[in-house]
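The values are calculated or read from the model by the stated rules, or taken from the named source; none is laboratory data. The structure displayed is predicted, hence computed values, not measured ones. Cβ placement follows ideal geometry from the backbone for every residue including glycine, while neighbour counts extend to all protein chains displayed. The accessibility values were calculated without ligands, DNA or RNA, using every heavy atom of the protein model including side chains. Shrake-Rupley method; radii C 1.70, N 1.55, O 1.52, S 1.80 Å.
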Amino acid sequence: MTSMLFDNLSINTISSRFDELANELIKSERMRESVDPERSPSALRETMFRLIDILQLVDQPKENESDNTLSEDELNELGDYGINLLMDFSALATELELNKESREFEDLALPLALWLGRHLGHIKTLEPIVNALARLANTYQDNAELEQLYEVVQELLNTVSPELKTRKKQESTSEPWRILLINQAIIATRSHRPGLIERAYEILVEYIPDEAPAFFKEGMSQMDALNYPQQVREVVEKYYNLWSSPRTLH
């Protein structure tokens, strides 16, 4: 799935795939034997559908502003609620040993986050989005696809709640944000596009400068191991040289 497939993203497209996955859980005999009624797939699906009904109002074209328009805070809260519901479904599928469905529920957090950002919302729960993005990146080898994926990550970075971007490294909630930054830099490097690499590295050193030396050192070790082209080596070497020595204030 490339960024092109996200171009016409709507709640209906997300809802359609969600319904298919939820039905698979509901059909499972093992599931019916073991799950708390309040946490059953049927109950959770109804909760998600109520949420989808509200979010669909945002997608509907309006001639003028109406009472159906959500405030930014409401949109953020509902979007985050939706992402956490997908995590609940993913966890439930794992309990039922439906591992493929578990991953696919989590993967839906990525388009939901992109949809939220395109309606000027912000995301607060990053873990499933980072996991979905990593799985997607692992399926790509083509440079053009990786370039498109880089733009998807950039879109996500712009959608992340500002408060997450300022979390201290030792806070557990900062970990997915840190991984997202590192993954963007890795995707840019794999794309072999020097301009993208520079952009990604500048973002990385802006937000997590303490980790830059180790990242660029590892990057240098990969240049020969993976036979990167010369134009990529030059960018990585440039940043390695800039960040390999201890930095002091002047």
In the neighborhood of Asp142, defined by Cβ-to-Cβ distances under 13 Å, what is the net charge if each Lys or Arg adds +1 and each Asp or Glu adds -1?
0
When every protein chain stays in place and a 1.4 Å probe is rolled, Lys100, Lys27 sorted by accessible area with the largest first are Lys27, Lys100
What are the ³J(HN,Hα) couplings of the range 77-84, residue after residue, when phi is run through the Karplus curve with 6.51, -1.76, 1.60 and θ = phi - 60°? Round to Hz, x for glycine and proline.
5, 5, x, 5, 4, x, 4, 6
For the range 101-172, what is the accessible area per residue in Å² when the probe is 1.4 Å?
43
What ³J(HN,Hα) values, in whole Hz, does the Karplus curve 6.51 cos²θ - 1.76 cosθ + 1.60 give for the range 127-144 when θ = phi - 60°, with x put for Gly and Pro?
3, x, 5, 5, 5, 5, 5, 5, 5, 5, 4, 5, 8, 9, 10, 5, 4, 5
Descending packing, highest mean Cβ count within 10 Å first, for 129-136, 236-243, 69-76 is 129-136, 236-243, 69-76
Please list the non-local residues whose amide H lies under 5 Å from the amide H of Val160, H modeled 1.01 Å from N, same-chain partners needing a gap of 5 or more.
Ile123
Report the net charge of residues surrounding Leu196, where surrounding means a beta-carbon distance below 12 angstrom and charges are Lys +1, Arg +1, Asp -1, Glu -1.
-1
Sorting check: for 152-164, 219-231, which peptide has the highest mean count of neighbouring beta carbons within 10 Å, and how do the rest follow?
152-164, 219-231
